[in-house]
Structures are given as structure tokens and as C-alpha cells.
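The values are calculated or read from the model by the stated rules, or taken from the named source; none is laboratory data. Since the model is a prediction, treat every value here as computed from it, not as a measurement. As a convention, Cβ positions derive from the backbone with ideal geometry for all residues, glycine included, and neighbour counts pool all protein chains shown.
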């Protein structure tokens, strides 16, 4: 592998293992994600896909193997972990907005405390981001006053405010009512066209078909199959992939 | 969404307005049994009121209260120095008035409550001098409010600075210095009455709060030593009555200290109350910490906030808000528990009341004056505790804004 190739790979996982008690939730994951790539991770529940993307910013600790994010190796060193987290935004299934802060404060909190931006700078960025996700008029409301789709768009804006190179999405539309899924997916499609790297755990196959560069199929803690959306949807090689796709499509 | 508005039913919910007579019939006189119970209980209430009011306005001897008002308020604090207590009180009320003007909101309710209380006392049959002082306090609150609201920007910093400086100013003023003619030394052993009660409660609340929060956080720590210490401390203190802790501080502590080290009695009691209260506070706060979903911490950490920032900015504000009712309940019980220091020889409000009751002047009163004095003391405790509860209710509604 040449140096040029190595720096093109923003996430490198080599033989990553994790156990919950005796349950082998990640069983030797080896995968790389290139800079700017949009990767969709899918598979049955309990297959380890959420755990996998949560190891990328150390919300879950891996027990064996190697994870390198943007040239920084994930070790137990808190400085490495925090450096990686600064470069990595995450959007959760349950939004996890801070209910005691306004939308604006939710977005400006991390830039001000972690990146040491002034309030003025942080608020200017926040208003730009709110406009980008289409809800600038809600800036002074509290999360509890917004709909699920609006909350999730605030969560995306909050993650983007740190200007991350990687965005991790952990089933971002699974807790939403059907009519709100579209507005969140539109924002994500807009992001997919930017140069941010996206790793998305989702069951939204139309989203995957439209914007994914590559899809990873997880089952029983392993990557069973991967390839372009065209390959996965028209010519899946593995029986388990075929079975799962037949169940959800 | 708004363009396709469907015709909406304009029916109002069925009315619930009833006149008083209807209400009476429906709730108190529906059936002969309920009517009988209503009549009997009504008679009982009227008889009790007649007895109590009859006693209060004819047989009861209230003179001990106005004649001993100064003792009840300040204990054995020297008479000719009481102006120092009054200045402290004036400073406090001025500060509340200023804060109400600068920030408004709940502080405004507190300040108006204080002014109303002082005004109410000013029309009571106390000595003329007392009533003039009380009226002056009302004016001070008003003046503070006007000055504060006129120039918010200038007064904000000054008010905050004054709040932080005020404990030191008050202690210096109350204690004085040996050999300074205008401000002679007053031993803390002479501080008493309501002054001492408030001092114990306020210092206990303010000092035990950070300690309790730290203990609660420590109890959830992953470090075994920190966690073990906090669990041990909390369980030890919670297993012991406050009176035992007070006795420890007053009687046992001097045995462990070198003979030439003397710690002021008041400070020993303050430390004991603080350490005791912190353990209970820690358990209340821990309840709040446990109510915060793990997703909040994950979201904060994923944004790059460190452990300290996550705790301070995300977890604690939500946890403390969730336990306001429990915290206020604890502060109220702490306020009432200060009456226990009478047992270790400090004459706070209840201790002073005992002294007043035993005064030889009241030996000629047939049944003694303990009913009257204790009623008065109870009323004072009730006013304070009820005010705490009201403030906490305001606080809950205000902080609840926008959280579902």
C-alpha cells in the first residue's frame, strides 16, 4: 500500500473484535472507508452494525484489532479518543438533543467549549447550518417543542457545527413517523454530495440506492458481502444477503 | 400544511360552571348520611374555631412576645449593638430589591414577598422603634428595586459583587474586633434567636450543596477508591441521627484536638450540619443523575466534550432540575433541624423560646406562657418553610419551560 493510498483511507478497521459478555458481537471486521465516500451499513437487527459504527468514535470499546481514524490510532489514550471525536460527528436514532438548551445553544455548545469559538462566530455558523437543514426559524425554541423530523435535523446541524470530516449516522430515521423520514433523508442526500465522509446505518434502501458509493452487509458480527448498490441490489452473491433483501424490499 | 384546512368542529366542551348552591348540594348534601357527616364536622370546626379564637383574644397573654422580640430575634446579642444585626438585615433586603430590579422574574416575587412580610410586621403591636425599622426595610426593598430597574447594566455587576461580598461583610459586622471602639467584639456564643437559626440554615444549605453534588458524582465514579469513600461516607452519616453528629462535634471533637486548639462552637455546629446535610443531598442528587438517559452523555462525548464539560454542562443541569422538589424538601427539613442545636447549648429560635418561657415575669400567669411563645415560634418556622415551598414551585414552573 503506498502512502498516497493510505492517506486516502479515512477510516481503517483491521480485524476488529468485540464481545458483550459471551456474545461475539463483532467478529473480525476489516473494512476501509475512503475520504468523501458514502458507505451504507445494513443487515438484520443484532448483526453488530450499530456497534460497529459506535466503535469508530469509541462510544463502544473494541477489544481486539486496530481502528485508525484520519491517521489517528484508536487507543485507550483519552487525547487520541477526543481528537477523533472532534473530527467525527454522530447522529443518533433517538436524536439525543439536550432538552435543557435551546436549538441554538445545542448547536453552539461544542464549537464554543471544544473549538473555543466566540459566541458570535458560533452563532453565525449555527444560523447558516439551520438554514441548510431548513429550520432557521426554530433557533430559539427548545427541542421538546419541535417535531421528530425537526429534532433530527437539529441533531445533524449540531454535529456539522464541529466541521467534522466524518459523519456517522446510527439509524437516523428509525424513530421517525413516516411523513418525517423524507425531510431528514433530503438533508442527508445534500450532505452526501459534499466532501464529508458518511457512514450510515439504515434500512432506507432507496436512500442507499440513490447516494451510496458502497454498501456493507452485516450479519452475525461479520461483513458478509460488500459492493456498489448496483451489485448489492441486482447481483448479490451471498445467500444471506439475498434472503435479507427479499425480506425488506 | 396550512393550505388544505378542513372544516373544524367549533363545538365547545360541555360547560363545567356551577353555582355555589349546586356545588354544596352535589358534594356535601347528597344523601342523608353525607348530610349528617357534613353537619357534624361543620359543628366540630365551628366549636374548635370558637375555642381557639376565644383563647387567643381573651385568656392568652401575648405580652412576652413584643417585650422579648429582640431576644427572640437575636438571642443574647448585646442590646446596644443590635443595630449591627439591623444593618445586616437592611443589606440583605437592599440586595433582594436590587436583584429584583436587575433580573426580575422569580427574584421579583421573592422581594415583594419580603417587603410584604416586613410591612405586615410593621403594623403589628410592637414597639414604635421596631415598627419604624421594619417600615425602613420596606422602603429599602423598594429603593433597591427602583435603582436596579433604572440602570440594569450598571447595577448588574455591582449587585453580583455585593452578593459575593455580603457574607464576609455580615460576619465582620456581627463579630466585630477586639479593641475597636465602634465595633466591639461580640462572641459567637451570644448570637442566638432567629438570627442564629437563619445563619445555621443558610450556611448549611450553601455549604452542603457543592459537597453533596461532589459526593453524588463520586458515588457514580468508576474509581473504586473514590466510589468506596463516597458510599462509606453517605451510608455512615445516613445511619446516624443529626443529634449524634452534633454531640460528636461538641463533645468528642475537642478530645481529638491538641489542648491549645480551640474551635469556635458555632463553627463546629456549622460543620456538623453541613457534613450531615451533604450526605442526604448526595442521595437526592444521585436520583437525578440516574434519571438522565445515557444517550445524553453519548451525544456530549461524541461532540468532543470532555468528561468534566459533559458533567457540568449536560448532566448536572438536567439532574438538578429533576430533583428540585426533593432538594427543597431537604432544605426545609434542614431549616427545621437547626432547632436541635438547642440541645448542645446554642440558643437558636426554639432555645431562646424556652428561655423566654422560663422568665420570672410570667410566673404569675396561671397556666404559664409556653403556649403563646411556642405558637409564635411555630408561626415563624411555618412562614419560612412555606416561603421556600412557594419559591420552589415558581422555580419549577420557570425551569420547566420548553421541556415537554
Positions within the range B:125-151 being under 19 Å from residue B:66 (Cβ atoms) and touching a residue at least 24 places away in the same chain (Cβ under 8 Å), in sequence order: B:125, B:126, B:127, B:130, B:133, B:136, B:137
Output for the range A:158-197, where each listed residue is in a helix (DSSP H, G or I) and closer than 24 Å to residue A:113 by Cα: A:158, A:159, A:160
Any chance residue B:287 is surrounded by fewer than 20 Cβ atoms within 10 Å (Cβ to Cβ), farther than 21 Å from residue A:115 by Cβ, assigned by TED's automatic domain parsing to the domain that holds residue B:341 and free of Cβ contacts under 8 Å to residues at least 12 places away in the same chain: no
Hits in the range A:72-93 (condition: in a loop (DSSP other than H, G, I, E, B), modelled with pLDDT under 95 and touching a helix residue (DSSP H, G or I) at 6+ places or on another chain (Cβ under 7 Å)): A:74
Selection within the range A:144-163 - at the interface with chain B (Cβ under 9 Å from one of its Cβ atoms) and farther than 15 Å from residue A:93 by Cα: A:144, A:145, A:161, A:162
Lone unmet requirement of (1) surrounded by fewer than 20 Cβ atoms within 10 Å (Cβ to Cβ); (2) more than 24 Å from residue A:227 (Cα to Cα); (3) modelled with pLDDT of 95 or more for residue A:97: (1)
Scope the range A:126-154; condition part of a loop (DSSP other than H, G, I, E, B) and surrounded by fewer than 15 Cβ atoms within 10 Å (Cβ to Cβ); matching residues: A:140
Boolean, residue B:357 is under 28 Å from residue B:207 (Cβ atoms) and touching a residue at least 40 places away in the same chain (Cβ under 8 Å): no
Any hit, the range A:231-249, residues being assigned to a loop (DSSP other than H, G, I, E, B) and within 25 Å of residue A:69 (Cα to Cα): no
Residue, farthest from residue A:193 (Cα to Cα), within the range A:155-169, restricted to residues that are free of Cβ contacts under 8 Å to residues at least 60 places away in the same chain and buried (at least 24 other Cβ atoms within 10 Å of the Cβ): A:161
Any hit, the range A:117-125, residues being surrounded by 16 or more Cβ atoms within 10 Å (Cβ to Cβ), within 13 Å of chain B (Cβ to nearest Cβ) and either free of Cβ contacts under 8 Å to residues at least 12 places away in the same chain or more than 24 Å from residue B:311 (Cβ to Cβ) (or both): yes
Residues satisfying the stated conditions in the range A:60-116, i.e. within 13 Å of chain B (Cβ to nearest Cβ) and at positive phi: A:95, A:96, A:116
Pairs, first in a helix (DSSP H, G or I) in the range B:36-49, second surrounded by 11 or more Cβ atoms within 10 Å (Cβ to Cβ), C-beta under 8 Å, six or more apart: B:38/B:28; B:38/B:29
Positions within the range B:257-272 being free of Cβ contacts under 8 Å to residues at least 24 places away in the same chain and assigned to a loop (DSSP other than H, G, I, E, B), in sequence order: B:257, B:258, B:259, B:260, B:261, B:262, B:263
